[in-house]
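Chemist: I'd like to ask you about the structure that follows.
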Amino acid sequence: MEEIKENIAISIEKALDKKVLREDILDKIEIPKDNKNGDFAYPCFHLSKVLRKSPIDIANNIKEKIVLDSKIDRVEVVGGYLNFYLNNLDVTNNVLKKILNEKENYGSSYIGNGKNIIVEYSSPNIAKPFHLGHFRNTVLGSALYNLYQTLGYHVIGINHLGDWGRQFGLLIEGYRRFKDEYDISKDSLNVLSEIYVRINQLAKEDEKIMDIARENFKKLEEGDQELYKLWEFFREVSLKEYKRIYEILGSKFDSYNGEAFYSDKMDEVVEILDKKGALVDSQGAKVVNVGDDIPPCIVLKSNGSTIYATRDLAAILYRARTYDFTKCIYITATEQILHFRQIFEAAKYLVDEKYQKGLVHIAYGMIRLKTGKMSTREGTVIYINDLINDAISKAKGIILAKNPNIENIDEVAKQIGIGALIFNYLKTSKVKDIIFDLDETLRFDGETGPYVQYTYVRAKSILEKAGFYEKETSDIDFHLLNTKQEVELIKELDKFPQVILKATEEYEPSILTRYLIEVATLFSRFYNECSVIVENEKLKEARCSLVYATSIVIKKGLSLIGIQCPEKM
Ligand code: ARG
């Protein structure tokens, strides 16, 4: 498709007697939302000034003069647009051959050229349960990880655990006081967070507890053996629980170096900033000024202690040296937008420009429940374990009602339940808030994961019924696929590689999710209008190939966003 687009640009350039640069033309060529308006469109409005004619006249002029290559069937002028229509038979042939030959590699490429991309995601604060916000973060990060990988990048997934800070001094104190009241081996994260809440409450009433906490953290920083062991224990039980969830979600991390990892790497940061004259005093604290429109980035507090931002600066320095990254992408909720603006700006004193320019912050919106905002105090926070269990058991009920004799019901229910959750979180653009409703996400007939998975299963069962087996693509007569529904579906499948690229470039897996809904919808339309199992063997073969190609795209698309496809359901 890219090649066709380039050829169109070349033809337009010629028709305009090279009065406009080819690159500028290429830049402006669009793919119309509705393919009634062609497969490509070139808006002529921007030429009006240069050529001193109306966009419609310009479009008509180009149409008269243009020489089109054989892949283009015709061009039409509508308003100030030139709409190009591809030769359908050509598209059909090429696309389907490509998909059937490349199979699960269709859509993958080498454009990343092995360059290093860091995707930093999930990053929960240890000793606290995983909630819906972390879930959104994790599925977004996982999808980006997969997308970059499929484009030939070398991806490093980092979980920047929140595992350092004075709160651990407090938690240690709480643990000492209350541990005997709990069985920490069960539900350990909830126990730790409950202990934290209790000791925090006490500390508000009793100043002395805060002093002890401070003292604890100081000792921890100095490497006190006993305290370090306790901290390590908190980290281990937390990580064990998180890893269980990551396993379920298929999330990959190459490093769990969190904030604590940088505890001995901050001195150097302070030194460099100081040497470069970037550190200034501000009410006793040491800060870096990062622009007039935002507050300075605090590096050392007035008591000399480091903070969250200091560790992030150390992480940037470390990552630039260790991973030589092209991009380092951070995923967090919108609350941290300011923090990242500050540290990215301050990073210019620490790393080369190429690294600083590669720092990217991706913020995502809030999750709300249908019943309102989540709050720990009101008991309306949804913990991920409950959610996963609920989703799986509901999925199981729905599937059993449809197909009581299904094999591997537990495995399938898991794929559907979890797939529904992931899909739901990725179908909305990342910046938008999500109003979460479990029943809605599990519907088989909406814009949901189960709907897309079900389309895949249906395709597989059609192929089974038809006794389909793979043949050399040169033996298949794809030209028989010429109904409107067939052509529309094929053109959609053709877009897949571009969709992957766009979803990655815009850090927006929802582009892929929405695309999969469209493929599923067009597949249903095709299937309702065109019988696959027909007398005419050649036609049956061609239609089966289209069904098979659709199943390949759906399976790959879902796998990129971390969703597995059952073969039956
Ligand atoms: N632990 C933080 C939180 O839960 C997120 C960390 C984001 N990453 C970073 N490098 N600061 O809010």
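The values are calculated or read from the model by the stated rules, or taken from the named source; none is laboratory data. On a predicted model such as this, the values are computed, not experimentally measured, just so you know. Cβ placement follows ideal geometry from the backbone for every residue including glycine, while neighbour counts extend to all protein chains displayed.
The rows are residues; the columns are (1) in contact (Cβ under 8 Å) with a residue 24 or more places away in the chain; (2) not in a strand (DSSP E or B).
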{"site": "Val280", "(1), (2)": "no, no"}
{"site": "Ile294", "(1), (2)": "yes, yes"}
{"site": "Thr310", "(1), (2)": "yes, yes"}
{"site": "Arg319", "(1), (2)": "yes, yes"}
{"site": "Cys328", "(1), (2)": "yes, no"}
{"site": "Gln342", "(1), (2)": "yes, yes"}
{"site": "Val360", "(1), (2)": "yes, no"}
{"site": "Ala363", "(1), (2)": "yes, no"}
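Chemist: Going through region 244-262 one residue at a time, which ones are out of contact with any helix residue (DSSP H, G or I) (no Cβ under 7 Å at 6 or more places or on another chain) and surrounded by fewer than 18 Cβ atoms within 10 Å (Cβ to Cβ)?
Modeler: Result: Arg244, Glu247, Asp254, Ser255.
Chemist: Here is a follow-up. Assess whether Asp254 counts as being more than 12 Å from the ligand (Cβ to nearest atom), among the acidic types (Asp, Glu), within 30 Å of the chain's Cα centre (by Cα) and on the phi < 0 side of the Ramachandran plot. Explain how you work it out, then say what you get.
Modeler: Numbers: more than 12 Å from the ligand (Cβ to nearest atom): yes; among the acidic types (Asp, Glu): yes; within 30 Å of the chain's Cα centre (by Cα): yes; on the phi < 0 side of the Ramachandran plot: yes.
For Asp254, the condition - more than 12 Å from the ligand (Cβ to nearest atom), among the acidic types (Asp, Glu), within 30 Å of the chain's Cα centre (by Cα) and on the phi < 0 side of the Ramachandran plot - is met.
Chemist: Between a residue in region 176-201 that is in contact (Cβ under 8 Å) with a residue 24 or more places away in the chain and any residue that is acidic (Asp, Glu), which pairs come within a Cβ distance under 8 Å, given they are 6 or more apart or on different chains?
Modeler: Listed pairs, sorted by first residue: Ser188/Glu241; Leu189/Glu241; Ile199/Glu173.
Chemist: Please state which of the following conditions Leu230 fails to meet, knowing it meets all the rest: (1) away from the ligand (no atom under 16 Å from the Cβ); (2) within 30 Å of Leu421 (Cβ to Cβ).
Modeler: The one condition Leu230 does not meet is (2).
Let's see how each residue does on (1) hydroxyl-bearing (Ser, Thr, Tyr); (2) within 24 Å of Phe135 (Cα to Cα); (3) part of a helix (DSSP H, G or I); (4) within 22 Å of the chain's Cα centre (by Cα):
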{"position": "Asn424", "(1), (2), (3), (4)": "no, yes, yes, yes"}
{"position": "Pro450", "(1), (2), (3), (4)": "no, yes, yes, yes"}
{"position": "Ser461", "(1), (2), (3), (4)": "yes, no, yes, no"}
{"position": "Glu464", "(1), (2), (3), (4)": "no, no, yes, no"}
{"position": "Lys491", "(1), (2), (3), (4)": "no, no, yes, no"}
{"position": "Lys502", "(1), (2), (3), (4)": "no, yes, yes, yes"}
{"position": "Tyr507", "(1), (2), (3), (4)": "yes, yes, no, yes"}
{"position": "Tyr527", "(1), (2), (3), (4)": "yes, no, yes, no"}
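Chemist: While we're looking at this one, here's another question. Do we have Ile209 as away from the ligand (no atom under 16 Å from the Cβ), aliphatic (A, V, I, L, M), over 26 Å from Tyr256 (Cα atoms) and surrounded by 18 or more Cβ atoms within 10 Å (Cβ to Cβ) here? Break it down stepwise before answering.
Modeler: Details: away from the ligand (no atom under 16 Å from the Cβ): yes; aliphatic (A, V, I, L, M): yes; over 26 Å from Tyr256 (Cα atoms): yes; surrounded by 18 or more Cβ atoms within 10 Å (Cβ to Cβ): yes.
Considered against the rule, which asks whether it is away from the ligand (no atom under 16 Å from the Cβ), aliphatic (A, V, I, L, M), over 26 Å from Tyr256 (Cα atoms) and surrounded by 18 or more Cβ atoms within 10 Å (Cβ to Cβ), Ile209 comes out as yes.
Chemist: Here's something else I'd like to know. From Glu215, Glu241, grab the single residue that is surrounded by 19 or more Cβ atoms within 10 Å (Cβ to Cβ) and either assigned to a helix (DSSP H, G or I) or away from the ligand (no atom under 16 Å from the Cβ) (or both). Please lay out each step first, then the result.
Modeler: Values: Glu215 fails: surrounded by 19 or more Cβ atoms within 10 Å (Cβ to Cβ).
Step by step, each of Glu215, Glu241 is checked, and only Glu241 is surrounded by 19 or more Cβ atoms within 10 Å (Cβ to Cβ) and either assigned to a helix (DSSP H, G or I) or away from the ligand (no atom under 16 Å from the Cβ) (or both).
Chemist: Among the residues of region 296-308, count how many are outside any helix (DSSP H, G or I), out of contact with any Ser or Thr (no Cβ under 7 Å at 6 or more places or on another chain) and within 15 Å of the ligand (Cβ to nearest atom). Before you say what the answer is, go through the steps one by one.
Modeler: Initial filter on region 296-308 (outside any helix (DSSP H, G or I)): 296-307.
Still in the list and also out of contact with any Ser or Thr (no Cβ under 7 Å at 6 or more places or on another chain): 297-298, 301-307.
Filter again for within 15 Å of the ligand (Cβ to nearest atom), leaving 297-298, 306-307.
Qualifying residue count for the region: 4.
Chemist: Within region 323-359, restricting attention to residues that are of a type in the set (Ser, Thr, Tyr) and away from the ligand (no atom under 11 Å from the Cβ), which residue is nearest to Ser255 (Cα to Cα)?
Modeler: Here is the first cut: in region 323-359, the ones of a type in the set (Ser, Thr, Tyr) are 323, 326, 330, 332, 334, 349, 355.
Now drop any that are not away from the ligand (no atom under 11 Å from the Cβ), which leaves 323, 326, 334, 349, 355.
Working: Tyr323: 12, Thr326: 18, Thr334: 24, Tyr349: 25, Tyr355: 19 Å.
Per the criteria, the residue is Tyr323.
Chemist: Also, quick follow-up: Would you mention how many residues in region 244-259 are part of a helix (DSSP H, G or I) and either under 12 Å from Asp163 (Cβ atoms) or touching a Gly at 6+ places or on another chain (Cβ under 9 Å) (or both)? Talk me through it step by step, then tell me what you get.
Modeler: Taking region 244-259 and keeping what is part of a helix (DSSP H, G or I), we get 244-249, 259.
Of the ones still in play, those that are also either under 12 Å from Asp163 (Cβ atoms) or touching a Gly at 6+ places or on another chain (Cβ under 9 Å) (or both) are 249, 259.
Count: 2.
Chemist: Do any residues in region 509-523 that are in contact (Cβ under 8 Å) with a residue 24 or more places away in the chain have Cβ atoms under 9 Å from those of residues that are among the polar types (S, T, N, Q) and not in a helix (DSSP H, G or I), where the two are at least six apart or on different chains, and which pairs are they?
Modeler: Ser510/Thr428; Ser510/Ser429; Thr513/Thr428; Ile517/Thr448
Chemist: Can you tell me which condition Thr513 does not meet? The list is (1) touching a Lys or Arg at 6+ places or on another chain (Cβ under 7 Å); (2) surrounded by fewer than 23 Cβ atoms within 10 Å (Cβ to Cβ), and all the others hold.
Modeler: (2)
Chemist: Please go through region 345-355 and give me each residue that is touching a residue at least 24 places away in the same chain (Cβ under 8 Å) and surrounded by 16 or more Cβ atoms within 10 Å (Cβ to Cβ), ordered by number.
Modeler: Matches in region 345-355: Glu345, Ala346, Ala347, Tyr349, Leu350, Val351, Tyr355.
Chemist: Can you go through Lys36, Lys65, Lys5 and tell me which one is out of contact with any Phe, Trp or Tyr (no Cβ under 7 Å at 6 or more places or on another chain) and closer than 13 Å to Asn83 by Cα?
Modeler: Values: Lys65 fails: closer than 13 Å to Asn83 by Cα; Lys5 fails: out of contact with any Phe, Trp or Tyr (no Cβ under 7 Å at 6 or more places or on another chain).
After ruling out the rest, the residue left standing is Lys36.
Chemist: For the structure I just gave you, tell me whether Ile337 is in a helix (DSSP H, G or I), modelled with pLDDT of 95 or more and surrounded by fewer than 21 Cβ atoms within 10 Å (Cβ to Cβ). Explain how you work it out, then say what you get.
Modeler: Working: in a helix (DSSP H, G or I): yes; modelled with pLDDT of 95 or more: yes; surrounded by fewer than 21 Cβ atoms within 10 Å (Cβ to Cβ): yes.
Against the criterion (in a helix (DSSP H, G or I), modelled with pLDDT of 95 or more and surrounded by fewer than 21 Cβ atoms within 10 Å (Cβ to Cβ)), Ile337 qualifies.
Chemist: Here's another thing I want to ask about it. Mind listing whichever residues of region 126-162 are out of contact with any Phe, Trp or Tyr (no Cβ under 7 Å at 6 or more places or on another chain), among the polar types (S, T, N, Q) and touching a residue at least 40 places away in the same chain (Cβ under 8 Å)?
Modeler: Ser142, Asn146, Thr150, listed by residue number.
Chemist: Let me ask you something else. Taking region 119-171 on its own, how many of its residues are among the charged types (D, E, K, R), assigned to a loop (DSSP other than H, G, I, E, B) and either modelled with pLDDT of 95 or more or more than 10 Å from the ligand (Cβ to nearest atom) (or both)?
Modeler: Looking only at region 119-171, we keep the residues that are among the charged types (D, E, K, R), and these are 120, 128, 136, 163, 166.
Filter again for assigned to a loop (DSSP other than H, G, I, E, B), leaving 128, 163, 166.
Okay, now just the ones that are also either modelled with pLDDT of 95 or more or more than 10 Å from the ligand (Cβ to nearest atom) (or both), so 163, 166.
Of the residues in region 119-171, 2 are among the charged types (D, E, K, R), assigned to a loop (DSSP other than H, G, I, E, B) and either modelled with pLDDT of 95 or more or more than 10 Å from the ligand (Cβ to nearest atom) (or both).
Chemist: With the requirement that a residue be part of a loop (DSSP other than H, G, I, E, B) and either within 16 Å of the ligand (Cβ to nearest atom) or crowded, with 18+ Cβ neighbours inside 10 Å (or both), what does region 263-278 give you?
Modeler: Start the filter on region 263-278 by keeping residues that are part of a loop (DSSP other than H, G, I, E, B), which leaves 263-265, 276-278.
Selection gives Ser263, Lys265, Ala278.
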